[in-house]
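Read the structure below first, then the notes.
The values are calculated or read from the model by the stated rules, or taken from the named source; none is laboratory data. From a predicted model like this one, the values you see are computed outputs, not experimental measurements. Counting neighbours? That spans all protein chains shown, and the Cβs are built from the backbone with ideal geometry, glycine included.
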Amino acid sequence: MKTFDKRLEVKIKGINLKNPVMTASGTFGYGEEFSDFMDLSDLGGIIVKGTTGTHREGNPYPRMAETPSGMLNAVGLQNKGVDVFCETVYDRIKSYDTNIVVNVSGSTIEEYVEVAEKINALEKIPAIELNISCPNVKKGGMGFGTDCLMASQVVEAVRKVYHKTLIVKLSPNVTNIVEIAKSVEGAGADSLSLINTLLGMAIDAEKRKPLLSTITGGLSGPAVKPVALRCVWQVAKNTKLPIIGLGGIMNATDAIEFILAGATAIQIGTANFIDPAISSKIVAGLSEYLDRHNLKSFDDIRGII
């Protein structure tokens, strides 16, 4: 039987994680795609790809582009909808020996509520990650996560139908991320994950046109890490919720920086495309760090910055 480093165990409200390492939504599929490269049971949790009320084809190609120290994506929440997830995907992944968290997305409050309510009925899904960075089609395209009132409204509505651990994913494309964090904390969030991608674009100078079909897209990778660290540090100092940090984490040292800034757990995103076994390697790196610094757990240094 495989043994795990007990020093790495953390808790996100009602979820016990064997270690702080999770994989970010949209970069790890449903976990199945990575099972040939690593033991999925090594992970504290897997955040599966964004799930919406109905089938979405996503945006036209090209919808990914490499940038210096990062990448842009405009996939557009391509998925087959919550019913297909519940009826087919769930049965394939529910036996994984790790926490499976579903990223829930929507265009309206009603859609968020519908998806959350259906996921709530799945016994082996202990949490959802509410992605409030999607456009709100009833508000002229403004993202729920960029407005305190709208952010609190969608979280409050989902909280009424979702009775397990509710993680809310925050956007960095705001003036004051602390105010957004406080608004969703007051509305019933159990935890926060931050940050989502930064809005960016890339242009082909020779062809004189954008590299993405949508012109703009979400920037991720090492280029965004300083922004992500700053956001985690600010929010950790101003809320009581456990924070899951993400944004440009490529190795164990990056992960430890987020813990020092106040994160309880972390997510690996873009790095999965470079090394599909990186998450397992980061778990090992965290244990090595505790050994090297003679620490009993990361509780000793969490948020000391």
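What the table shows:
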read-out: Residues (surrounded by fewer than 18 Cβ atoms within 10 Å (Cβ to Cβ), in a helix (DSSP H, G or I) and of a type in the set (A, V, I, L, M)) located in the stretch 262-282; value: 274
read-out: Members of the stretch 281-305 found to be in contact with a strand residue (DSSP E or B) (Cβ under 8 Å, 6 or more places away or on another chain) and not aromatic (Phe, Trp, Tyr), listed by number; value: 282, 283, 286
read-out: Residue match in the stretch 225-241 (condition: outside any helix (DSSP H, G or I), within 25 Å of residue 16 (Cβ to Cβ) and within 17 Å of the chain's Cα centre (by Cα)); value: yes
read-out: Residue in the stretch 45-63 that is modelled with the lowest pLDDT, counting only those that are among the small types (Gly, Ala, Ser) and buried (at least 21 other Cβ atoms within 10 Å of the Cβ); value: 50
read-out: Strands (runs of 3 or more DSSP E) wholly inside the stretch 48-109 containing at least 1 residues that are over 28 Å from residue 216 (Cα atoms); value: 99-104
read-out: Test set (1) crowded, with 20+ Cβ neighbours inside 10 Å; (2) assigned to a loop (DSSP other than H, G, I, E, B) - residue 259 fails condition number; value: (2)
read-out: Any chance residue 211 is surrounded by fewer than 24 Cβ atoms within 10 Å (Cβ to Cβ) and over 30 Å from residue 62 (Cβ atoms); value: no
read-out: Selected residue (criterion: surrounded by the most Cβ atoms within 10 Å (Cβ to Cβ)) from residues of the stretch 242-256 that are in contact with a Gly (Cβ under 7 Å, 6 or more places away or on another chain) and assigned to a loop (DSSP other than H, G, I, E, B); value: 246
